[in-house]
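Undergrad: Can you read through this structure? Questions will come right after.
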Amino acid sequence: MPLDTRMRFEQFEVGAVNQMAVSAARAVVQSPGRTYDPLTFWGGTGVGKTHLLQAIGNAIADAQPALCVEYLTAEDFARQLRDVLAGGQIDEFVRRWGRVDVLLLDDLEALADRRETQSELLRLVEALQSMERQIVMTSDCPPAEIPDLDPPLVARLAGGLIVEIGPPDHDLRLAILNARCRARGVELEPDVVAAIG
């Protein structure tokens, strides 16, 4: 899937609940494959996991255009794997993903109960790590709490950095609202922004 070029660090509001995640993401951009590999963000819906994931991809693509950056959802990964298995093209699948320098995988929880897909993902993660390639994933809970996630995959992810992104506090919600208003050229009274926030 192509990266959404609107999802950048410059459009990501930072607060106490996501500051560590942003710091880790920026460290990965500075040194892909050498810092926090793999890096996993987890948190509830709407806390900015996908935005931060794509911000990493966009920043790396801008700074090092020769690197192959791939973003996709875990569901898309599972679908691609199913298709190549059905077509007997697993070797091409392995070669394709072996060329990736930065793998950005969204919604890891979608792989619950998909043992074969998890096994292939584990092999891919191990191969990419052995070549000092970067892996960043997101999930809605810590990987160890994803039902039926293969223990070796959980252990591999735990070998990197796992960071929670919490729901935005009041100040961060106001900052997000004000940023969205500025981006759209909308002016709201401060008390209206406070009421919405």
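The values are calculated or read from the model by the stated rules, or taken from the named source; none is laboratory data. These numbers were taken from a predicted model, which means no experiment stands behind them. Every residue, glycine as well, gets a Cβ built from its backbone with ideal geometry; the counts of neighbours run over all protein chains shown. What goes into the accessible areas is simple: the full protein's heavy atoms, side chains included, and nothing from ligands, DNA or RNA. Shrake-Rupley method; radii C 1.70, N 1.55, O 1.52, S 1.80 Å.
Undergrad: Output ³J(HN,Hα) for region 69-77: one whole-Hz value per residue in order, computed from phi by the Karplus curve 6.51 cos²θ - 1.76 cosθ + 1.60 with θ = phi - 60°, and x for Gly and Pro.
TA: These are the phi-based 3J(HN,Hα) values: 9, 10, 10, 7, 7, 4, 4, 5, 4 Hz.
Undergrad: How do the peptides 131-142, 13-24 rank, highest first, by the average count of neighbouring beta carbon atoms within 10 Å per residue? Each step should come with its number before you reach the end.
TA: Values: 131-142: 20.3, 13-24: 17.5.
Ranked by mean Cβ neighbours within 10 Å, highest first: 131-142, 13-24.
Undergrad: Using C-alpha positions alone, give me the convex hull volume of region 1-73 per residue in cubic angstrom. Please list the in-between numbers first.
TA: Numbers: hull volume 6.9 nm³, N = 73.
Cα convex hull per residue, to the nearest whole number: 95 Å³.
Undergrad: OK, next. So what are the radius of gyration and Dmax for the Cα set of region 114-178, in Å?
TA: For region 114-178, the Cα-based Rg and Dmax read 15.6, 45 Å.
Undergrad: Now, a different point. With runs of 4+ DSSP H residues as the only contributors, calculate the mean residue ellipticity of the chain at 222 nm using -39,500 (n - 2.57) per run, divided by the residue total and rounded to the nearest 500. Show your work: numbers first, answer last.
TA: Numbers: 8 runs with 96 residues, N = 197.
Rounded to the nearest 500, it is -15000 deg cm²/dmol.
Undergrad: Provide the gained length on full extension for the span E164 to E126, in nm with one decimal, where the gain is 0.36 nm per separating residue minus the Cα-Cα distance. It would help to have the intermediate numbers written out before the result.
TA: Details: separation 38, 0.36 × 38 = 13.68 nm, distance 2.32 nm.
Between E164 and E126, full extension yields an extra 11.4 nm.
Undergrad: Turning to a different aspect of this structure: Name the long-range amide H neighbours of W42: under 5 Å, sequence gap of 5 or more, or other chain; modelled H, no Pro or chain starts.
TA: Amide H neighbours of W42: S139, V163, E164, I165.
Undergrad: Which percent of the accessible heavy-atom area of the chain goes to carbon and sulfur, probe 1.4 angstrom?
TA: Values: 5050 of 10020 Å².
Whole-percent figure for carbon plus sulfur exposure: 50.
Undergrad: What list of ³J(HN,Hα) couplings, whole Hz, do you get for region 165-171 from phi and the Karplus terms 6.51, -1.76, 1.60, once you set θ to phi - 60° and write x for glycine and proline?
TA: In residue order, the calculated couplings are 10, x, x, x, 7, 4, 4 Hz.
Undergrad: I would also like to ask the following. I need to check one value: relative contact order of the chain, counting alpha carbon pairs closer than 8 Å and at least 6 residues apart, in percent. Don't skip to the answer; put the middle values down first.
TA: Details: 308 pairs, mean separation 62.7, N = 197.
Across the chain, relative contact order equals 32 percent.
Undergrad: Another question, then. Take the eigenvalues of the Cα gyration tensor for the chain, scale each by 5, and report the square roots as semi-axes in whole Å, largest first.
TA: Numbers: eigenvalues 205, 64, 48 Å².
After scaling each eigenvalue by five and taking roots: 32, 18, 16 Å.
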